[in-house]
Amino acid sequence: MNELLKKIMGMGGMTDQVIATDFLISTKAGIRNIAFAITEASTPSVKQVLREQLRHAVETHENITNFMIDKGFYYPSDLREQLQTDLQITQTAMKLTE
C-alpha cells in the first residue's frame, strides 16, 4: 500500500503486519482443517492428497512465521514483546474505528 495512503488512513506500517497476521491465522486454521479431513478420509488416495496439502500448508505457515519474525511483527519466543506488539495493533485498530 502507498505510504501516503497509510498515513492518511492512520495505519502507518501496520497494514503489512495485519495482512501477515491474518494470513498466519488462516493458515493455522487450514492446517487444523486438513488434519481433521485426513482422519475422515475413507480412501488411501484421498488421504495421500490431503497429506500433501498438509505438508504444503505447514511449509506456508513456516514461511509466514519467518517473514513476520524477520520484519519484527511476531515474537513467538518473547511473550512480553509479543504482548507489546499486540497492544499496539489493538490501539491502532481502535483509533481506526473513531
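Every number in this text was worked out from the coordinates using simple rules, so none of it is lab data. If you're wondering where the values come from, they're calculated on a predicted model, not measured in any experiment. All Cβ positions, even for glycine, are placed from backbone atoms using ideal geometry, and neighbour counts span all protein chains on display.
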Can you grab the distance from the C-alpha centre of the range 23-37 to the C-alpha centre of the range 46-98, Å, no decimals? 13
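Listing 90, 15 from the residue with the fewest other Cβ atoms within 10 Å to the one with the most, what is the order?
Values: 90 10, 15 13.
Ranked by crowding around the Cβ, least crowded first: 90, 15.
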Classify the range 27-98 as rounded, prolate or oblate, taking a ≥ b ≥ c as the square roots of the eigenvalues of its Cα gyration tensor: rounded when a/c is under 1.5, otherwise prolate if a/b is larger than b/c and oblate if not. prolate
Using amide H atoms built 1.01 Å from N in the peptide plane, name the residues 5+ places from residue 75, or on other chains, whose amide H lies under 5 Å from its own. none
Which residues does the label zone of residue 96 cover in the range 16-43, counting backbone N under 17 Å from a point 7 Å along Cα→Cβ? 16-26
What length, rounded to one decimal in nm, is gained on full extension from residue 79 through to residue 62, with 0.36 nm per residue of separation minus their alpha-carbon distance? 4.2 nm
Taking residue 28 as the anchor, which aspartates and glutamates have their alpha carbon closer than 14 Å to its alpha carbon, excluding any fewer than eight residues away along the same chain? 59, 62
